[in-house]
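Here is the structure we will look at, set down as C-alpha cells.
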Amino acid sequence: MEDIEEIQAIDNDTIQSLSSIDGQNTSEDSSEKCRIGHDPIVDSAMFKAYETLRKIALDFHLEQELAVPRTVIVGDTSSGKSMLVQMFLRFPCAFSQANVGTRCPVQYKLRYDPNLQDGEIHFIQPRHWRAEDLSKNLQLEMERIEKTYKNEGGFRLEPFIIEIASKHYTDFEILDVPGLVSGDLDANKRAAVEAITEHYVRDPSFMIVQLKEAQQLADNTYGTRRIGELCTSEPAQHGSKFPARKDYAQHTITIQTKFDAFMREHDNGTAANDDIRTRIAFFPNAFFTNMVVSPFKLSDHSYQENVEYIARLPELEKTEVDEWINHINSKTNTSDSKYQSFNKNYRPLIGIDVVRKQIQELWLRAFRAALPRLHETINRLISKYSNEFDTALFKLEQQDPRTVRNNYQKYIESFRTTISDYAAYRAEVNAWFPLDEYGRTYEQIENEYNTWTRKQSLTWRAYLSSEQLKQNANGKVLSTLDLPYIGARHFERLRQVFSYMILSHEPLTRERDWFESSQSLLYGAVSDYENTEKAVRESLFTLIRETFLIGICWLTQMYTFLTDHFANHVKSVLLNNQFSHLEEHVKFLSLVDLEYHTVTRKFIRNAVTAIKQARYAKMIYAVHNVCGTLQNLVGSFSHMHTITESKNHVDDNNNDNHGDNNNGRNGLGNKVLQVAQDAIPKIMSGANPIVAIGSSAIATITDRKNPLDLIYATGKFLTSDRNPQTVNYLPQTRDMVGELYTAVRGQLLHDITTNFFANLVVEIQQYKSISIENSLQNRLNRLTDKDIAHMANIEIDSSRQKVIDNHENITRLEQARDAVEDVIALLNSMNKENYAIDTNGDSDNVKKRIRETHQKTRSKRLHDITKKLGKSQRHKKTRRQPNIISSNNGHFSSDVIHDDRRISTDTHEDGNNSDDETSGNEDEVELMTYNDKTSSETYLLDIFRKHDQEDLELGFLTGDSINADVKFVQQRKQQQTLNLPMNENRLEQLISFRMNTNPTLRQSEDTLHDTTSDNDDDQNSVIDVSNYQTGLFSVH
C-alpha cells in the first residue's frame, strides 16, 4: 500500500501551474513551474497494464468497476483534429469528400514493435490495410456507416477500431469523435454528432483533449462552449447515462491549433503576450501548435512526400516559431521601443512535440491516479473468482453418485431435525433464525398468507382482519398480535385469534316462523303437538354450522400455511449455508418438499377428521342438560370448594385478605393430604398406584359432591305449556338455545384446539423422530448409482467447464494484477531514483513462477476430482429415468428405463394401494421428469392446491358448502354500504358484548374474580383499547 500511495505524490501541479502564468511579472522561479514534466512518454509496461485491464473490463462487463482512463479528442470540424491524429500516426489519414465526414468515433491503438523496419507501418486491425490507403479506406467505411445508420442520422456511437504497429510509436490509444458542426442546417445531423460527443465527454474515465483555433477569442469558440454544456447540463441533453461532470475542466487540456495564423496577426511582443495570457486564463492547461507550415499543402503531394513532411514538421514548426519570436523581440532593442519582449515562459507551451507529450502525460497522470482503485478492484475480483472456483470445484466433486447420496441423506436428516428445532425454537438453532429477521407479528403472518400461492378464497361471517382485531369497542384486544414469534408459538396465537373471532361473533337470531318450521308436525309419527325439542336441535345444529363451518376451513388453511412457512425458513437457511451445493438439485428437493407436505398433511387431516366428528356429535345430539351438567362438573372440582369455603370465610371475617389466602392454601392442601393419606395404605398393600390415587380422589371429592348429580339429568329443560296460539314458550326456548349454543361453542373450541395441537403441533415438534412409512431416506438407500445420477441431473462436463472458466478468469486477473503492480513499482522507482528504471527481470520471473504455481495447484485439484469421477461420467452416456417408487410392503423397484416408457411399480400386490398412494407415486414419477425449478415448483403447486381443496372439504357434513357464508356476507356488505337498519330475520345483530373467556362455565362475578386457572392466562393476554368496530366480510 505504501507503493500505491507514493504514486499520488508524482507531478501534482504540472498542468495546474500553466494557468498561473503572468506575462508582465514572471520570475525565474515561475518559469520552473511551467516547465514541461520530465516523465517519459508512456512506458510499454503501463500500456500493457492498460490493455489488460481494458480487455478484462469488457469481457467481464465491468466497465464501471474497472474504469481505466482513456483519451478522447473533441472539437469543431475545422479545429484540426485529423491533423493532430496524423502527428501521432506520422502519416496522413485525413480524407476530404463532399458531404462525407467522420460518421463514428475512430479508435486509434498505437503499438510499439521494435522488430519492424524503419518507416514500416503494420496494420493489426483491420488486417490487410495499408498506411497509404488509410485515408481512402476510412472514407469508404464512413460512407458505408452513413448508409447503414441512415435512420440514426447517418452516425454510429460505437467506435471503428484501427490498430497499428511501428518501431517509432509509443504505446498509446486515442479516440477521435466526429467534429461538432455549428453551422449545419440539418438539426438531426447536429444532434447526432452532439449525442456521440456527450456520450464520451460525460464518461469520467475519458480524459478530454479539446481543440480550438488559436486566433479565436473565447466568445467565438462554439466547440469548447458546447463541450462544456454537454458535460455539465442536467439532465443530459442527449440521453447520456452518466451524471453531470461538473469537474470536467480538471480532466481536460486545450490544444489551440493553427498558431501560424496567430503569429501572422501578432507582430509585437506586447500584443502576443496579452493574447496568449488571455487564452491561458480562459482555457487552463492550454498548449499551442501550428499543425502545418505554410505554404505546404498535403493534398498537393504524394503519400511519401507527406510522410517525409510530417516527420520534418516538428523541426520546421520550431524554426518558424523561433523566427517569429526573434522578429517581435527585435522591436524591443531600440531605446524608444514601446513593446515588450516575448515572454519566454510561453515558449514551452508551443509545438507539435509539446502537444503530443502533454496529451500522453494527461492520460499518464489519470492512469497513475486510478492505479490504487484498479489494484483494489482486481484483488477483489481475484477473491471473488477464487471463491467461485472453490465452489465450482466442490460442486464437481459432488457429482459422484455415492457422494450425492450421502449429501441427500444428510440434507433430509438436517431438514427434519431443523424443522423440529425451529418449531420448538430450541437454543441449538436460534442463532440461525434470529428473531429480528425471522420473527413475524400476526399482521405480517396475515400479509404473507394473503400473498401465499396456495391460498384458497374463503368467505367467513365471523372473520376479523388483524386491523379489526385491534379495534374493539369493549376495550379488549389480544396483546400478542404485535409480538414477533417464531415456531410453534404461532399456533398458540392462532388459537387465541380463532377463539376471539368465534367468541366475539353474535349468532343470527331466528323468529317464530323459523322455529315453527323446524318443529315440523308428526315428526316420527308420534305427535302432532309442538315438538320444541326438535326445534332446539335444529337451531343448535344451524348456529354451530354457521359459526364454525368456514371458520374451521380458514383455520385449516392457516395451519397448512404455517407448516409451509416453517419449511420455507428452514430450507432457506440450509440451502444458503451448509447445503448450498444442493440448491440446483431440483428433483431431489421437490421430493423432500412432497414428503414433508404428505406427512404434515396427514397430521392436519387427522385433526380435521376428529373435529368433523366432534362437530357432528355436538350438533346432532343436542344434550338438553349440558349446561346443568357442566355446572355440576365445575362444582365437583375440589379447588372450587376450597375457593368457595375461603370466600365464605373471608366474608365472615370482614374480607381479611390474609385469612382468605391462608385458608385457600390450607383447604387445598388438606384435600391433597387427605388423598395421600387414603392412597398410601392401598399402594403399600399392592394396589395399582393409579387406581389407588384415583379412588382416593373420588372419595375425597364425593364427600362434597354427590356423584349421582354428575350422572343423571336435571329434568326437563323446556316448559310443557306450549300454546301454539300464544307461543308463550318461544322466549324460554330461545334462551335455552342460547345457553346450549354457548356451552357447545365452548366445548367445540376446546375440541378444535386439542385436536390440532395433538395431531399437528406436537407432531411437528417431533418431526425429527417420527416414523415415516416408506420414507425418502429409505428409498434413497435402495437406489442404484444410475438412479442417483439421474435424480441429481449430473452433468460432469458442464460442471467441469465451470471450474475451468473460473480457473481461466483467475489466471487472467492475476496477470492483470501483476501488470498493475509492475507499473506501480516502475513509477515508484522513477520517483525515488530520478527515473532510473531497474531493468532486472528477477521480479517478473518471481511473479511468473508464483502465478504458475497457483495455476498448477488449481489444475491438479481439478485433475484429481475428474479422475475420481471417471467412472461416474460413463453413467450419464445413456439418459435414463429411474423408478424411485416403492410399495407399502417394502419391495422396491430400481429398474432404469428410457424416458419415453411408462414406469411400472413393483408392488407384488394385487392393486391394493389406495388412491392417495397411487397418486403420490405418480406425482414422484412426474417430478423426476423436471430438471428446472420453475416446472417442478409449478407441478408441486398444482398438487398442493388440489390437496388443500380436498382437506377443506374433508371436514364437511351433509349440507355443508364452501360458499355457505358468501350470500350472508354480501348482504351484510350491502347493508353497511347503504347504512340501513338490518333485518334481524336475515342478518345477525351487531352488538358489543363482554366476552366470556370460558363460555362453558357459568359462574358469578365474585367466583370468577377469585378463581385462579388457565383461563386467567387468556384473560391476561388482552389489553384495553377503544373504538372497536365489528365487521363480517370475506376472507379472499
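The values are calculated or read from the model by the stated rules, or taken from the named source; none is laboratory data. What you see is a predicted model; the values in this text were computed from it and never measured. Every residue, glycine as well, gets a Cβ built from its backbone with ideal geometry; the counts of neighbours run over all protein chains shown. The accessibility values were calculated without ligands, DNA or RNA, using every heavy atom of the protein model including side chains. Shrake-Rupley method; radii C 1.70, N 1.55, O 1.52, S 1.80 Å.
Each residue, Asn387 and Asp186, gets one label point 7 Å from its Cα in the Cβ direction; the gap between the two is 5.2 nm. Annotation for Glu467 and Thr929: the two label points, set 7 Å from Cα along the Cα-Cβ direction, are 4.6 nm apart.
Anything over 32 Å Cα to Cα? Flag those among Lys571/Lys856; Lys55/Lys410; Lys136/Lys258; Lys147/Lys246; Lys55/Lys802; Lys455/Lys587, in the order listed. From Lys571/Lys856; Lys55/Lys410; Lys136/Lys258; Lys147/Lys246; Lys55/Lys802; Lys455/Lys587, over 32 Å: Lys571/Lys856; Lys55/Lys410; Lys147/Lys246. Largest to smallest in accessible area, the residues Lys344, Lys847, Lys786 fall in the order Lys344, Lys786, Lys847 (1.4 Å probe, all protein chains included).
Take the Cα pairs of the stretch 92-212, get the Kirkwood Rh, then feed it into Stokes-Einstein at 10 °C and 1.306 mPa s and tell me D in µm²/s. In µm²/s, the coefficient rounds to 101. Extension gain for Thr938 to Asp336 (0.36 nm times residue separation, less C-alpha to C-alpha distance): 206.7 nm.
Taking R0 as 41 Å, what's the FRET efficiency between Asp436 and Ser769 from their Cβ-Cβ distance, rounded to 0.05?
Working: r = 30 Å, r/R0 = 0.73.
E(calc), rounded to 0.05, equals 0.85.
Note: the stretch 537-629, Cα convex hull, 115 Å³ per residue.
Segment Asn778..Phe956, full-extension length gain: 60.5 nm, with 0.36 nm per residue of separation and the alpha-carbon distance subtracted.
Counting Lys and Arg as +1 and Asp and Glu as -1, what is the net charge of the other residues whose Cβ lies under 13 Å from the Cβ of Arg54?
Values: positive: Lys48, Lys55, Arg70, Lys109, Arg812; negative: Glu51, Asp59, Glu63, Glu65, Glu163, Asp171, Glu173.
The answer is -2.
Of the whole protein surface, Glu320 contributes about 50 Å² of accessible area at a 1.4 Å probe radius. Temperature 4 °C, viscosity 1.567 mPa s: under these conditions the Stokes-Einstein estimate for the stretch 38-170, based on its Kirkwood radius over C-alpha pairs, is 78 µm² per second.
Rg/Rh for the stretch 175-265 (Cα atoms only, Rh after Kirkwood) is 0.99.
Near the amide H of Glu213, within less than 5 Å, lie the amide hydrogens of Thr257, all on another chain or at least 5 residues away, with H placed in the peptide plane.
Only protein heavy atoms count here; under a 1.4 Å probe, Glu584 has an accessible surface of about 120 Å².
Here's the picture: a label point sits 7 Å out from the Cα of Thr319 along the beta-carbon direction, and within the stretch 349-383 the residues with their amide nitrogen under 16 Å of it are 352. Taken along the Cα-to-beta-carbon direction at a fixed 7 Å, the label points for Thr232 and Thr853 span 5.5 nm. Among the listed pairs Lys786/Lys933; Lys48/Lys318; Lys189/Lys241; Lys786/Lys946, a Cα-Cα separation exceeding 24 Å is found for Lys48/Lys318; Lys786/Lys946. What the Cα convex hull of the stretch 717-822 gives, in volume per residue, is 361 Å³.
Want the number for Arg130 to Asn220: 0.36 nm per residue separation, take away the alpha-carbon distance, what's left? Don't skip to the answer; put the middle values down first.
Details: separation 90, 0.36 × 90 = 32.40 nm, distance 3.91 nm.
Going from the current span to full extension adds 28.5 nm.
Across the alpha-carbon set of the stretch 352-494, the Rg to Rh ratio works out to 1.31, Rh being the Kirkwood radius. What the Cβ-Cβ distance of Thr278 and Asp59 gives, at R0 = 41 Å and to the nearest 0.05, is a FRET efficiency of 0.30.
Accessible area ranking (1.4 Å probe, heavy atoms, ligands and nucleic acids excluded), largest first, for Phe282, Phe367: Phe282, Phe367.
Students sometimes get this wrong: rank Val321, Val925 by accessible area, probe 1.4 Å, all chains present, largest first. Show your work: numbers first, answer last.
On the way: Val321 0, Val925 35 Å².
Sorted by accessible area, descending: Val925, Val321.
By the gyration tensor of its Cα atoms, with a ≥ b ≥ c the square roots of the eigenvalues, what is the shape of the stretch 229-357: rounded for a/c under 1.5, prolate for a/b over b/c, or oblate? Judged from the Cα gyration tensor, the stretch 229-357 comes out oblate (a/c at least 1.5, b/c at or above a/b).
Rounded to the nearest 0.05, the FRET efficiency derived from the C-beta distance between Arg945 and Glu739 at R0 = 35 Å is 0.25. Note on Asp353: accessible area is roughly 80 Å² with a 1.4 Å probe, heavy atoms of protein only.
Report the net charge of residues surrounding Lys618, where surrounding means a beta-carbon distance below 10 angstrom and charges are Lys +1, Arg +1, Asp -1, Glu -1. Show your work: numbers first, answer last.
Details: positive: Arg615, Arg745; negative: Asp751.
Neighbour charge sum, excluding Lys618 itself: +1.
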